[in-house]
Amino acid sequence: MKFTIKTVSLIDSTQDKAKEYAQKGEEEGFVLQALEQSKGRGRHGKNWVSQKGNLYMSVILKPECLVDESSQLAFVSALAVSDAIEGFLPSGMVRKNLKWPNDVLVNNKKIAGILIENTLVRGRIEFVTLGIGLNVNVTPQIEKSVCLKDILDVEHNISEVRDSVLQCLARFYNMWKRDGFSEIRTLWLKQAYGIGQNLTVSLSENEIKGKFDGIDKNGWMIVTDKSGNQRNIKSGTIIFD
Ligand code: BTN
């Protein structure tokens, strides 16, 4: 995949602006990066703290998949971020995990978040805006966060980190397009955080308590409750006990 990168210094959210570019005809591989965001967005309408020093980018993708399948891109992207940051971390000295559905953790703290937004036309995906926020040189003042710089106390070049993430993204995205979700799922499970642990999943209408038993063939979380009933959950906020 060929990337076309546009960088701006300050923007409200790269997600919204990248969508505008895509609507005006930008192709798959268009990347909008901001050095700072004034209204960075996370999942479930949460704020994404976006001060200078970290990577904030939105990538336009045009996958030929069903609407439901596009959530698999969260796993594709998490694998890409995970592989990319490997090159900026001391080998064997940190624990790196992927937390369902789309967080990347280093030493059990969040280093990156991913946001997948679909733009549909007549019920079909016209394009996907893939947002990646990766803490490079600054740790947001949020509980359980970490940045790359925290690990070895060295600043990293954000463009270098970005290019590495994009290179890895192209690799896993091609793998997904060619072979489907199965291999991505296997690779993701190898790095999954909290398999076998008890958790609470908050859904819009209720809460589910149970044990995290991995992800199914669609990327939905498998939770087994005390009575042994298995629930497959598409979306929710999870808190491990
Ligand atoms: C999450 O973990 O909740 C997802 C966070 C996604 C943040 C990125 S930063 C670049 C892009 N622009 C945004 O406004 N959000 C995403």
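The values are calculated or read from the model by the stated rules, or taken from the named source; none is laboratory data. Being a predicted model, the structure only gives us computed values, none of them experimental. Neighbour counts are summed over all protein chains in view; Cβ atoms, including those assigned to glycine, are modelled from backbone coordinates with ideal geometry.
All conditions in (1) within 12 Å of the ligand (Cβ to nearest atom); (2) in contact with a Leu (Cβ under 7 Å, 6 or more places away or on another chain); (3) within 26 Å of Q197 (Cα to Cα); (4) at pLDDT 95 or above hold for G113, with the sole exception of (2).
Give me a count of the residues in segment 209-240 that are touching a Gly at 6+ places or on another chain (Cβ under 6 Å) and surrounded by fewer than 18 Cβ atoms within 10 Å (Cβ to Cβ). The qualifying residues number 4.
Residues satisfying the criterion are absent from segment 61-75 (criterion: assigned to a strand (DSSP E or B) and away from the ligand (no atom under 15 Å from the Cβ)).
Screening S50 on (1) outside any strand (DSSP E or B); (2) within 11 Å of the ligand (Cβ to nearest atom); (3) closer than 19 Å to W176 by Cβ shows it passes everything except condition (3). Restricting L55, L79 to residues that are near the ligand (Cβ under 9 Å from one of its atoms) and at pLDDT 95 or above narrows the list to L55. For segment 53-76, the criterion of being more than 14 Å from the chain's Cα centre (by Cα), in contact (Cβ under 8 Å) with a residue 60 or more places away in the chain and farther than 24 Å from V121 by Cβ is met by at least one residue.
Restricting attention to segment 2-40 and to residues that are near the ligand (Cβ under 9 Å from one of its atoms) and in a loop (DSSP other than H, G, I, E, B), the residue that is nearest to V59 (Cα to Cα) turns out to be S13. Collect the residues in segment 186-207 that are in contact with a Gly (Cβ under 8 Å, 6 or more places away or on another chain) and either among the acidic types (D, E) or not in a loop (DSSP other than H, G, I, E, B) (or both), keeping them in residue-number order. Result: L189, A192, N198, L199, V201, S202.
Considering only residues in segment 162-217 that are out of contact with any Leu (no Cβ under 9 Å at 6 or more places or on another chain) and among the small types (G, A, S), the one that is modelled with the lowest pLDDT turns out to be S204.
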